[in-house]
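The values are calculated or read from the model by the stated rules, or taken from the named source; none is laboratory data. This is a predicted model, so every value here is computed, not measured. No Cβ is skipped: glycine too gets one built from the backbone with ideal geometry, and neighbour counts run over all protein chains shown.
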Amino acid sequence: MCFARRARCIGSKLLFLALLSIVANILLYFPNGETRFASQHRLSKYVECLHGIVGGGILVLIPAAVFIGLHNDDCCGCFGRGSCGKRCSMLSSVLAAFIGMLGSGYCIIISALGLSHGPYCLTHAGRNWVYPFNSGGYLFEYNKWSVCQEPYNIVQWNVTLFSILLVVGGIEFILCFIQIINGCLGGFCGLCCRHQEAYSC
């Protein structure tokens with residue numbers, strides 16, 4: 001398989017995942033579609049880390065754009081060899097992949113912490129805004145989720161969206177790692193076996 005075509009496939013997948021990550025992070029700000037909790041700063045501290053918008057989103061959109069546009073980057077070649085420029089482009093995509101790995105890694109870490117720490121909510125006992133769960137064990141103790149009175153169903157909301165961000169970040173990290181290997185192979189072994197090969201995913 002052509003190295004550039006593989007990079008384009010990875011880029012298109014990263015583009016979709018980055019947009020999904022941004023949407024999931026935005027939804028975390030609005031439990032059940034309500035805006036008042038965000039305006040009153042009554043959300044988990046990990047929601048405000050922008051791990052899905054910046055980490056799994058913007059920092060992954062950068063390599064996605066680089067990978068998708070890689071096959072159009074002919075460069076000028078060197079010493080009369082047109083393929084040299086393309087090989088340099090493949091090697092430069094490795095740097096973009098590292099940026100994507102940093103962003104997705106940040107998304108993974110914050111999502112895991114958000115799941116472990118639990119939501120910030122108004123509890124029945126004492127009518128205080130607290131973090132009622134001190135460990136990730138609450139994830140499997142559904143009978144304790146009702147301790148959070150407001151926002152309504154905040155535990156389910158946080159668990160679902162943080163889990164989505166954790167999985168998305170993990171897939172993004174793997175794809176960027178694959179492109180590092182692909183970029184190195186494309187740079188050192190040649191970009192493609194046939195220049196006329198279609199670049200489609």
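Numbers below:
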{"item": "Evaluation of Ser93 against (1) under 21 Å from Ile174 (Cα atoms); (2) at pLDDT 90 or above; (3) of a type in the set (Ser, Thr, Tyr) (one fails), failing number", "result": "(2)"}
{"item": "Some residue of segment 63-72 being out of contact with any helix residue (DSSP H, G or I) (no Cβ under 9 Å at 6 or more places or on another chain) and either part of a helix (DSSP H, G or I) or at pLDDT below 65 (or both)", "result": "yes"}
{"item": "Members of segment 109-129 that are modelled with pLDDT of 90 or more, touching a helix residue (DSSP H, G or I) at 6+ places or on another chain (Cβ under 6 Å) and of a type in the set (Ser, Thr, Tyr)", "result": "Ser111, Ser116"}
{"item": "Hey, Leu185 under 25 Å from the mean Cα position of the chain (by Cα), surrounded by 13 or more Cβ atoms within 10 Å (Cβ to Cβ) and modelled with pLDDT under 85 or not", "result": "yes"}
{"item": "Pairs where the first residue, in segment 89-114, is within 15 Å of Ile68 (Cα to Cα) and the second is outside any helix (DSSP H, G or I) and acidic (Asp, Glu), C-beta under 6 Å, 6+ apart", "result": "Ser89/Asp73"}
{"item": "Residue list for segment 137-149, filter: of a type in the set (D, E, K, R) and either part of a helix (DSSP H, G or I) or surrounded by 15 or more Cβ atoms within 10 Å (Cβ to Cβ) (or both)", "result": "Lys144"}
{"item": "Single unsatisfied condition, Pro132 versus (1) buried (at least 17 other Cβ atoms within 10 Å of the Cβ); (2) in a loop (DSSP other than H, G, I, E, B); (3) modelled with pLDDT of 85 or more; (4) out of contact with any strand residue (DSSP E or B) (no Cβ under 9 Å at 6 or more places or on another chain)", "result": "(4)"}
{"item": "Qualifying residue in segment 31-46 (condition: under 16 Å from the mean Cα position of the chain (by Cα) and either surrounded by fewer than 15 Cβ atoms within 10 Å (Cβ to Cβ) or assigned to a helix (DSSP H, G or I) (or both))", "result": "no"}
